[in-house]
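J.: After the structure tokens below, expect a handful of questions from me.
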Amino acid sequence: MKTNFLSLIFLYLVFFNATNVFAKKDTTIVFCNESLYKVKKKYAQYYIKVFRKKDGEIGVLQYNRDNFLYMKGSFRDEKLKIKHGAFEYYTDKGIIKEKGHYENNKKEELWLIFAKNRMIISKGYYQNNKKNGLWEYFMENGVLTSKGEYLKGKRTGSWVFYDNTGSMTDKSNYIHGKLSGEELKWYKDTLTLVGEYELGEKIGFWQSWYNNRNVNYAGRYNLGKREGEWEFYFMSGEFAALEVYENGDVIDAKWFDEDGNPVKPIEPYELSPKFPGEEYAMNTHIQNTFEYPEIARELGEQGRVWVEFFVYTDGVIRDVKVVVSVSPSIDAEAIRVIKLMPNWIPGLNHNRKMPIRYTVPIRCLLG
């Protein structure tokens, strides 16, 4: 039975190609990619140790090329698809990245029930691999970055977030995965935002402060839309704009420079930063600069990577990071391409130039 079990594991890892190379032992080593699919050893970024646990589940230890532990967990099926119980994920340097539990779910794939004559009498889908209970996430230096509870794969209750020094930066509340309740943000232990959500929609009074403790803005939301008078200030503390909203639309606006002189309002009131030459020029830069990583090409890795960054008031790009990953090599190349961009045209936020967050998708397809 042991040999049959290990052979099944191997069959699934090689996409059902028939082979029988596993040794007759409790632990088997397989070279694979990040998603646990078997690849040739020379192309493998990872390898896994597969073994049967006492409770009948299948334990997996995943290591990278440098022999650092990358993932530790257990599965309920030989396909290594249905995660169950405690899981831990690590960086490529073996530093804890996140840990938590997956609930005991049934099969994710299509299930069929047949009568004796092979006629289908029932069919449907089960979902699996949903996070449940407490999960903790860590930075590359091992410092806790966020923690909170999941219920059937959705965030629930209070979640807290930290910076690289361990100081709290955000505190949010969730119901069924949607922001609900008080929202708080800090910068170096100084409160910078207070507001409230109701099932994902901003409601009630919101106020924000700059890092120097001067007021940034203040006003009210009604089901996610600005309502009534909103006040906006320069970082210096001087009044920048008074805007009146009705159902999210501006019905009156008065803008001022930092000396208190009236200036003509410019629509739109929130102007996104722009790449010089706009979208066509930006796409041309990406196409001409992006070099498909050879290891990603060999492993057949492709997809859309999303890169986030801030455009500062001088147009310089800073704080670049990947928010939707494809693979380590493609992520690194996407960041390199973004950092090589020329200075942008800064955005405008209610008569103020200020750092604005921007996200760019980069589509990476093998030709």
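No value in this document is a laboratory result; all are computed from the given coordinates. Just so you know, these numbers come straight off a predicted model, no measurement behind them. No Cβ is skipped: glycine too gets one built from the backbone with ideal geometry, and neighbour counts run over all protein chains shown.
J.: HN-Hα J couplings of the range 337-348 from phi, Karplus 6.51/-1.76/1.60, θ = phi - 60°, integer Hz, Gly and Pro as x?
T.: Residue by residue, the range 337-348 yields 4, 5, 5, 8, 5, x, 4, 8, 8, x, x, 10 Hz.
J.: Let me make sure I get this right: for the range 278-364, a, b and c are the square roots of the gyration tensor eigenvalues over alpha carbons, sorted descending. Under 1.5 in a/c it's rounded, otherwise prolate if a/b > b/c, else oblate. Which is it? Mind showing how you got there, number by number?
T.: On the way: a/c = 2.77, a/b = 2.15, b/c = 1.29.
Cα axes put the range 278-364 in the prolate bin.
J.: What is the dipole size for the range 278-364, taken about its Cα centre, with +1 at each Lys and Arg Cβ and -1 at each Asp and Glu Cβ, in debye to the nearest 20?
T.: Working: 10 positive and 11 negative charges, 80 e Å.
Dipole magnitude for the range 278-364 comes out near 380 debye.
J.: Could you check the simple spin-label distance between Lys188 and Val263, using points 7 Å along Cα→Cβ, in nm with one decimal?
T.: 2.7 nm
J.: Separate question: Around Tyr70, which amide H atoms from residues at least 5 apart in sequence, or from another chain, sit under 5 Å from its own amide H, with H modelled in the peptide plane?
T.: The list, which skips near neighbours in sequence, is Gln62, Tyr63, Asn64.
J.: Only one of the listed values, (i) 1.24; (ii) 1.18; (iii) 1.43, was derived from the coordinates as Cα Rg over 2.2 N^0.38 Å; which label is it?
T.: Answer label, from the structure shown: (i).
J.: Right, something else. Take the alpha-carbon centre of the range 288-317, take the same for the range 158-213, and report the distance between them in whole Å.
T.: 30 Å
J.: Take every Cα pair under 8 Å in the chain that's 6+ residues apart, average their separations, divide by the length, and report that relative contact order as a whole percent. List each step's numbers first, then the result.
T.: Values: 852 pairs, mean separation 24.8, N = 367.
Relative contact order here is 7 percent.
J.: Taking the Cα centre of the chain as the origin, how large is its charge dipole in debye, to the nearest 20, when only Lys and Arg (+1) and Asp and Glu (-1) carry charge on their Cβ atoms? Spell out each step's value before the answer.
T.: Numbers: 53 positive and 48 negative charges, 591 e Å.
Here the size comes out at about 2840 debye.
J.: Hey, what do the phi angles of the range 155-172 turn into as Karplus ³J(HN,Hα) couplings, whole Hz, using 6.51/-1.76/1.60 and θ = phi - 60°, x for Gly and Pro?
T.: Calculated HN-Hα couplings, in order: 4, 9, x, 7, 10, 10, 10, 10, 8, 6, 9, x, 7, 5, 10, 9, 9, 10 Hz.
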